[in-house]
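Take a look at the structure set out below.
The values are calculated or read from the model by the stated rules, or taken from the named source; none is laboratory data. Owing to the predicted nature of the structure, the values given are computational and were not obtained by experimental measurement. Positions of Cβ are generated from backbone atoms using ideal geometry, with glycine treated the same way; all protein chains shown enter the neighbour counts.
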């Protein structure tokens, strides 16, 4: 059995996968806000709960905001700031009594969608998270692209391309810069743009609902959002030329994006034709946990389960 955990900003979800990726069990809980120790305990409780429910032991992969620093082994670049500079992998390994693999949540999403999701069979995939934050992951021929700085696909912390005068210098970002893509095309980015124009503080979901009901201000906000997303993805296509771009996160559930954004992005793409496809995720909220579980092969998970069983027998 392989267990994948998606450690998000608002919720933590865990799933147990059997042979061939069959879903055996699934659990979720709210993410403790600003509390690192409580977050570690919550992850451990979900893993233990899945193992009790299935009666099986397994490997554990974690998808988390940010990434492990190659220099320190601690979390960096996380918009869940309580994780920054913490030894998350080591702490979870100690609590769970086994090695733990950890990857950026967008990388896990991209891997899941490349293996058996919307990008199945595609040679190159760019996976995008547009939710509480904005991230990306790159999969080439079924393998995650992981560079020496552990930042491959960190698309959300590049500046908004081809900015308009009224978009400069851009909103401040938690990373210390201004005008990062995350400050424009995440859920809070859409809400922030709407507030700056109307003075009304409402969440992204409400903006989408109002636009569907014919509200002019909400419709204008969504059109600005689509143009900014098109510019951001055009820069990715110019650099990577992926076969498919798959969207995940809360804002990926807006159906109009898949027609409107590709209709817009050609203006900024350095080609006479654009064959890249824009697609929604196939696995829904399970994409992150499935990708985290895929960080271990079935053979590795089986070997770990046998080792844990032997250790349990010896302790008894």
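Observations on the structure shown:
- If you go through segment 294-306 and keep only what is farther than 25 Å from residue 117 by Cβ and without any contact (Cβ under 8 Å) to a residue 24 or more places away in the chain, you end up with 303, 306.
Residues are listed down the side, and each one gets a yes or a no for (1) modelled with pLDDT under 95; (2) closer than 25 Å to residue 154 by Cβ:
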site: 37; (1), (2): no, no
site: 40; (1), (2): no, yes
site: 44; (1), (2): no, no
site: 50; (1), (2): no, no
site: 58; (1), (2): yes, no
site: 79; (1), (2): yes, yes
site: 91; (1), (2): no, yes
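- Single residue of segment 4-15 satisfying the filter (touching a helix residue (DSSP H, G or I) at 6+ places or on another chain (Cβ under 6 Å) and either touching a residue at least 60 places away in the same chain (Cβ under 8 Å) or not in a strand (DSSP E or B) (or both)) that is surrounded by the most Cβ atoms within 10 Å (Cβ to Cβ): 4
- Segment 153-168 - residue that is without any contact (Cβ under 8 Å) to a residue 40 or more places away in the chain and touching a strand residue (DSSP E or B) at 6+ places or on another chain (Cβ under 8 Å) and, of those, nearest to residue 112 (Cα to Cα): 156
- Any hit, segment 291-312, residues being within 19 Å of the chain's Cα centre (by Cα), assigned to a helix (DSSP H, G or I) and closer than 22 Å to residue 204 by Cα: no
- For beta carbons closer than 7 Å, sequence separation of 6+ or different chains, a first residue in segment 36-58 that is closer than 12 Å to residue 12 by Cβ and a second that is surrounded by fewer than 15 Cβ atoms within 10 Å (Cβ to Cβ) and modelled with pLDDT of 95 or more, the qualifying pairs are 42/29; 46/29.
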